[in-house]
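The values are calculated or read from the model by the stated rules, or taken from the named source; none is laboratory data. Note that the structure is predicted; figures quoted are calculated from it, not measured. Here Cβ is always computed from backbone atoms with ideal geometry, including for glycine, and neighbour counts include all displayed protein chains.
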Amino acid sequence: MISISASAFEFSELWKLADIAQDLKEKHIGVELFADAMGFGETHYIKELFPDVELGMHCPAKDINLLAKEGSLPYRYTFARMEGVLESCQKLGCRYMVLHTNVTALPLTGDLQMLQEIGIERIGKVAEIAEKYGVTIWVENVGTIYRKTLLYTYDAFLNLFSQLPQVGALIDVGHAHINQWNIPELIHTLGTRLKGMHLHDNFGGRDVHIRMGSGTVDFESIKEAVSQLEESPNLIVEYLMPSCDNVDAVLADCNMLKDWR
């Protein structure tokens, strides 16, 4: 499946994708909704905007902290919000929800190994809630070394999936590129556990989410690695403004991804 991330489209901007909903349906291109930008609770309206278009979901990020102290207000809010979004997934027919492991705007403090263990426990809890709604969790590699927000290093990210067999993996190639991860190797190692990929480009520094081919990500080697998989992951174009403002260009890149199969 090939999809377009709606992460940069505020609720009032979703019309840019809704206007081409028929085209998306005919080209078998899905939409990955972003919980913070979809108009929480408006599931009936979202379904009307995208009739017969396959939908996925990206977890909420605003005011969410999976690593919050157990029982605290941020902890309770985080899980209440997650469950609300997962219920929306069920209503919308979203089969997956992408999950961030930690707050990427705040530098990590404290013992990293302990935080990683807490993260695994909390991810497992979200996955348990998701199962009630028939949704699978896809855990995304988030954070960067230079901002001190990288909770799971390359090896720790891989180890996460051996401890949580109920979740899938989503590789964000832009994040991996900034952290100098070997993306083709990561793809091969994850194998059938790899369920999705966020595709965008950068120059190895800031996470700018520009069009593929505009930065320094080696997409040829990534394409080759994907082509060797037994199961193709969902390829999700995840651009930010101004790249995503040109819907025709986004569609062109989606069409290009059909050659990755």
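Does the stretch 146-162 contain at least one residue that is over 22 Å from Glu32 (Cβ atoms), modelled with pLDDT under 95 and not charged (D, E, K, R)?
Scanning the stretch 146-162, I find at least one residue that is over 22 Å from Glu32 (Cβ atoms), modelled with pLDDT under 95 and not charged (D, E, K, R), so the answer is yes.
Can you find even one residue in the stretch 40-50 that is within 28 Å of Val103 (Cβ to Cβ), at pLDDT below 95, not in a loop (DSSP other than H, G, I, E, B) and not aromatic (Phe, Trp, Tyr)?
Within the stretch 40-50, one or more residues are within 28 Å of Val103 (Cβ to Cβ), at pLDDT below 95, not in a loop (DSSP other than H, G, I, E, B) and not aromatic (Phe, Trp, Tyr).
Taking Thr144 and the conditions (1) within 13 Å of the chain's Cα centre (by Cα); (2) within 24 Å of Ala105 (Cβ to Cβ), which numbered condition does it fall short on, given that it satisfies the others?
Evaluating Thr144 over (1) within 13 Å of the chain's Cα centre (by Cα); (2) within 24 Å of Ala105 (Cβ to Cβ) leaves (1) as the failure.
Give the residues of the stretch 169-199 that are outside any helix (DSSP H, G or I), more than 19 Å from Glu32 (Cβ to Cβ) and of a type in the set (A, V, I, L, M, F, W, C), sorted by residue number.
Passing the criteria: only Trp181.
Suppose we filter Ala35, Ala130, Ala105, Ala61 for residues that are within 30 Å of Lys16 (Cβ to Cβ), surrounded by fewer than 14 Cβ atoms within 10 Å (Cβ to Cβ) and of a type in the set (A, V, I, L, M); which single one remains?
Unique residue meeting the criteria: Ala105.
Report, by residue number, each residue of the stretch 1-26 that is surrounded by 14 or more Cβ atoms within 10 Å (Cβ to Cβ) and of a type outside the set (A, V, I, L, M).
Ser3, Ser5, Ser7, Phe9, Phe11, Glu13, Lys16, Lys25
Give me the residue from the stretch 220-242 that is more than 18 Å from the chain's Cα centre (by Cα) and assigned to a helix (DSSP H, G or I) and, out of that set, farthest from Trp181 (Cα to Cα).
Going through the qualifying residues, I end up with Ser227.
Of all residues in the stretch 123-168, which are among the β-branched types (Val, Ile, Thr) and part of a loop (DSSP other than H, G, I, E, B)?
Matches in the stretch 123-168: Val135, Val142, Thr144, Ile145, Thr149, Thr153, Val167.
Is there any pair linking a residue in the stretch 235-248 that is under 18 Å from Asp259 (Cβ atoms) to one that is at pLDDT below 80 and not in a loop (DSSP other than H, G, I, E, B), with Cβ under 9 Å and at least six apart or on different chains, and which?
Filtered contacts from the stretch 235-248: Val237/Cys244.
Which residues, taken from the stretch 90-122, are in a helix (DSSP H, G or I), of a type in the set (A, V, I, L, M, F, W, C), under 19 Å from Val167 (Cβ atoms) and touching a helix residue (DSSP H, G or I) at 6+ places or on another chain (Cβ under 8 Å)?
Answer for the stretch 90-122, where residues must be in a helix (DSSP H, G or I), of a type in the set (A, V, I, L, M, F, W, C), under 19 Å from Val167 (Cβ atoms) and touching a helix residue (DSSP H, G or I) at 6+ places or on another chain (Cβ under 8 Å): just Ile120.
Among (1) among the charged types (D, E, K, R); (2) surrounded by 22 or more Cβ atoms within 10 Å (Cβ to Cβ); (3) free of Cβ contacts under 8 Å to residues at least 40 places away in the same chain, there is one condition Asp172 misses while meeting the rest; what is its number?
The one condition Asp172 does not meet is (3).
Got at least one residue in the stretch 106-114 being free of Cβ contacts under 8 Å to residues at least 60 places away in the same chain, touching a Leu at 6+ places or on another chain (Cβ under 9 Å) and closer than 21 Å to Asp36 by Cα?
No - not one qualifying residue is present in the stretch 106-114.
Could you list, ordered by first residue, the pairs with Cβ atoms under 8 Å in which the first is in the stretch 1-18 and charged (D, E, K, R) and the second is part of a loop (DSSP other than H, G, I, E, B), at least 6 apart or interchain?
Lys16/Phe9
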